[in-house]
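Worksheet for the structure shown next.
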Amino acid sequence: MAEPIKQSSLRSVFNRLVNLLTVIAAGLLVPMMFLVSADVVGRYIFNHPLPAVFEINSDFLMVLVVFFPMAYVHQRKEHVFITLFTDPMPAKVRAVLETVSVLIGFVSYALIGIYSMQRAIIATRVLEYTSGVIDVPIWLAKWIVPIGSFAFCIELFLDGLDHLRAIFGRNSSPEVPRG
Amino acid sequence: MDSWVVGVIGIAVILVLIALRVHVAFALNIVGLLGYWHIMGWQATSGLLGLEPFSFIANFLLTTIPLFLLMGYLAHHAGLTKDVYKTARYWLSRIPGGLAIASVAGCAAFAAASGSSLATAAMMGKVSIPEMIEQKYDKGLAAGCVAAAGTIGSLIPPSILLILYGAMTETSVGRLLIAGFIPGILSALVYAVMIFVRASANKKLCPPINDQITWKQRLVSLKGTWGIMTLFVLVIGGIYFGWFTPTEAGGVGACGAFVLAVITGKLKWQDFKSSLGDTVRSTSQIFVIALGAVFFTKFIGVSDLPNVICEQILELKVHPLLIVAGISVVYIFLGMFLDSIGVMLLTLPVVFPVIDKLGFSPVWFGIIMIKYLEIGLLTPPVGLNVYVIKGVVGETISLEKIFKGVTWFVVVDFITLAVLILFPSISLFLPDTMMGK
């Protein structure tokens, strides 16, 4: 009986992390929105654009807004998939197909996570900066992709476990795969 | 095995995986990676895996997508959807099918603040459908007109789809966005005329309304459009006159909508939070697919498939417009089963080089493609705009009824599409006169 409890506590800790990542991404939309306008206003009125808006918005904020909420979006079943052809199939077959999808996603994002982490480590070793009026620490931004990807992987892994449980029909587990 | 054959197999595998409920993004991802690996070897593939996710997303141009999405949500919470619908209703309610035409006009106006068809349909649907039902409008028409008119959200700038198209094909996003304006208005006019004709012919479809609205009330109602007009001038004017780049227009537009929502006192903290949450969720959803498409595009690029197809097509020596007609069939078919971003990103790596080689304007084809994709949003079995409207109306109207309701809109959409294909200047006239390029 200990297993489901362990599972659900792992879930709840991870869910908190997923929520935190999403809240960070949502909150950072605010500076993203204001920085661009401040840059335009600065250029027209004070004849002086804000430095580094380009790098901050694209290298930091954009990457973060895309990668950090990925796990959360999967939790809500909002990544796009088509159920038209699988709807008539029996529940077990559907669960198998869902596991396959999750597995493919897991492999893809594990690879993205691992190889972009290698890049992040290299960038951190040499402390990669973009040079400009303000030097922006790009090495820091390079960590956003592996963090978001690994969180996504863990979510896919936990989701896959839920599906496997449904396939092997262990009634001891009260959790039913969502969707 | 020739590498182009690997390309063909790759596309087939993706379609099978998607049909078997594999996430669209994951199918593109894995096939792209495996195909690239097969042709280029692991060294190159691992390089792609390490570099591409960051370098593709860390693109200033793409920041417009979350910012325009945010602008739409904020504008909605600022009450702009209600305002534009109310004004359109005051002016149009007395003519046959007036409320349905007002919904179309409202969608077209709100499209200036919204870059997504789904969001435009969902937001306008909440406002206008209940009123049409109350006035005993035919339920299919009431729901169908908003599902269809929502698609104007992707034509009238801003447009998320056009920005993605520009980013994937390296076509000027400023020109693309401005090019969508007249086709968007044309689509709305064609819808309006169709509703008017049908409502005039069949009084049961849209029973006349006994509103006693004076001209004074109508004129006063125009005040309600100042919000959308401000955003229109700011964003579309800004891009057209070159006050700022299309990329900056996203930030300026979102800021403008935020300021509007704050000064009208309509933006609650809860609304603001949900706007931010909705924006990051939609952004992540879009870019998970786009990132899969990046790997797939690289794979198709090295597979030489586009070149092989181009050669075959050029050997056919048929009229280029016939080829465009052939491509239409492919899009309409795929649109029946796939979402619009998926269809676009899956087909672009193969179709775009062909269009380019045939000498067509990439801006013009961008608009034609949006029209294809938008028709796909309305056709069963997977017509996402119809599902969105179903979500808005709940149990009051059946899915079948809404699909039936959009049929006439799809029919006239084909007329609009044919006009846009035959007369490229409708799309290209405005961007050619643009000041900011």
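The simple Förster model, with R0 at 51 Å and r as the Cβ-Cβ distance, assigns A:Val93 and B:Met229 a FRET efficiency of 0.40. Segment B:Ser55..B:Leu15, full-extension length gain: 11.7 nm, with 0.36 nm per residue of separation and the alpha-carbon distance subtracted.
For the range B:275-371, what does the relative contact order come out to in percent, with C-alpha contacts under 8 Å and a separation of six or more?
40 percent
Hull volume per residue, based on the alpha-carbon atoms of the range B:66-192 and their convex hull, is 91 Å³. Taking only alpha carbon atoms, chain B gives an Rg to Rh ratio of 0.98, where Rh is the Kirkwood radius.
What dipole magnitude, in Debye to the nearest 20, does chain B give about its Cα centre under +1 on Lys/Arg Cβ and -1 on Asp/Glu Cβ?
1560 debye
Here r is the Cβ-Cβ distance between B:Leu189 and A:Leu140 and R0 is 51 Å; the resulting FRET efficiency, rounded to 0.05, is 0.50.
Any idea what the relative contact order of chain A is, in percent, if you count C-alpha pairs under 8 Å spaced at least 6 apart? Please report the intermediate quantities before stating the final value.
Working: 170 pairs, mean separation 47.5, N = 179.
Computed value for chain A: 27 percent relative contact order.
Averaged over its residues, the protein assembly as shown has an accessible area of 40 Å² per residue, based on protein heavy atoms and a 1.4 Å probe. Simple rule: put +1 on each Lys or Arg Cβ and -1 on each Asp or Glu Cβ in the protein assembly as shown, find the dipole, and look at A:Asn57, A:Phe168, B:Val354; the Cα lying farthest toward the positive end is A:Phe168.
The spread of Cα positions in the range B:357-398, taken along each principal axis and listed from longest to shortest, comes to 49, 16, 9 Å. Placing A:Phe150, B:Phe241 in order of accessible area, with the largest value first and a 1.4 Å probe, yields B:Phe241, A:Phe150. When Rg and the Kirkwood Rh are both derived from Cα coordinates, the Rg/Rh ratio for the range B:322-437 amounts to 1.03. By the Kirkwood approach, averaging reciprocal distances over each pair of separate Cα atoms, the range A:1-113 gets a hydrodynamic radius of 17.7 Å.
If you take the accessible area of B alone plus A alone and subtract the pair, what total do you get in square angstrom, rounded to 100, with a 1.4 Å probe? Working shown, then result.
Working: alone 18530 and 11550 Å², together 24890 Å².
For B against A, buried area totals roughly 5200 Å².
In the range A:24-136, what percent of the accessible surface is made up of carbon and sulfur (1.4 Å probe, ligands and nucleic acids excluded)? On the range A:24-136, the fraction of accessible area on carbon and sulfur atoms equals 69 percent. Please give the residues from the range A:70-85 for which the solvent-accessible area of heavy atoms, probe 1.4 Å, is smaller by at least 40 Å² with all protein chains in place than with the chain isolated. Hits at the 40 Å² cut-off: A:Glu78, A:His79, A:Val80, A:Phe81, A:Ile82, A:Leu84, A:Phe85. In this structure, the amide hydrogen of A:Val136, modeled 1.01 Å from its nitrogen in the peptide plane, lies closer than 5 angstrom to those of A:Thr130, counting only residues at least 5 positions away or on a different chain. Taking 0.890 mPa s as the viscosity and 25 °C as the temperature, the Stokes-Einstein diffusion coefficient of the range B:1-115 based on its alpha-carbon Kirkwood radius rounds to 133 µm²/s. Each part gets one Cα centre, and for the range B:253-324 versus the range B:61-103 those centres are 22 Å apart.
A simple spin-label model places pseudo-atoms 7 Å from Cα toward Cβ; at B:Ser46 and A:Arg43 they are separated by 4.2 nm. Computed about its Cα centre, the charge dipole of chain A is approximately 440 debye, with only Lys, Arg, Asp and Glu carrying charge at their Cβ.
Candidates B:Pro158, B:Phe414, B:Gly391 compared by Cα position along the dipole of chain B: farthest toward the positive end lies B:Gly391, with charges placed on Cβ. Working note: Karplus 6.51/-1.76/1.60 with θ = phi - 60° gives the range B:234-241 the couplings 5, 7, 6, x, x, 6, 5, 8 Hz, where Gly and Pro are set to x. Short to long, the 20 Å bins of the Cα pair-distance histogram for the protein assembly as shown hold 19, 54, 25, 2 percent of all pairs.
Among B:His23, B:His38, the sequence by solvent-accessible area, most first, with a 1.4 Å probe is B:His38, B:His23. The distance from the alpha carbon centre of the range B:22-54 to that of the range B:336-410 is 27 Å, rounded to a whole number.
Span-like helix check, chain B: qualifying full DSSP H segments, with Cα axial length of 20 Å or more and mean Kyte-Doolittle of -0.5 or more, are B:3-19, B:24-40, B:42-57, B:117-134, B:181-201, B:246-263, B:269-303, B:320-337, B:340-357, B:362-376, B:399-422. Taking only protein heavy atoms and a 1.4 Å probe, the accessible area of chain B is 68% carbon and sulfur. Rolled with a 1.4 Å probe across the full set of protein chains, the surface gives B:Arg89 an accessible area near 30 Å².
Taking all protein chains as shown and a probe of 1.4 angstrom, B:Met40 keeps an accessible surface of around 90 Å².
Taking all protein chains together and rolling a 1.4 Å probe, B:Lys223 ends up with roughly 140 Å² accessible. With contacts taken as Cα pairs under 8 Å at a separation of at least 6 residues, chain B carries a relative contact order of 27 percent.
The values are calculated or read from the model by the stated rules, or taken from the named source; none is laboratory data. Fair warning: this is a prediction, and the values are worked out from it, not measured in the lab. With ideal geometry, Cβ positions are generated from the backbone for all residues, glycine too; neighbour counts draw on all protein chains shown. Side chains are part of the model used for accessible areas, which takes the heavy atoms of the whole protein and leaves out ligands, DNA and RNA. Shrake-Rupley method; radii C 1.70, N 1.55, O 1.52, S 1.80 Å.
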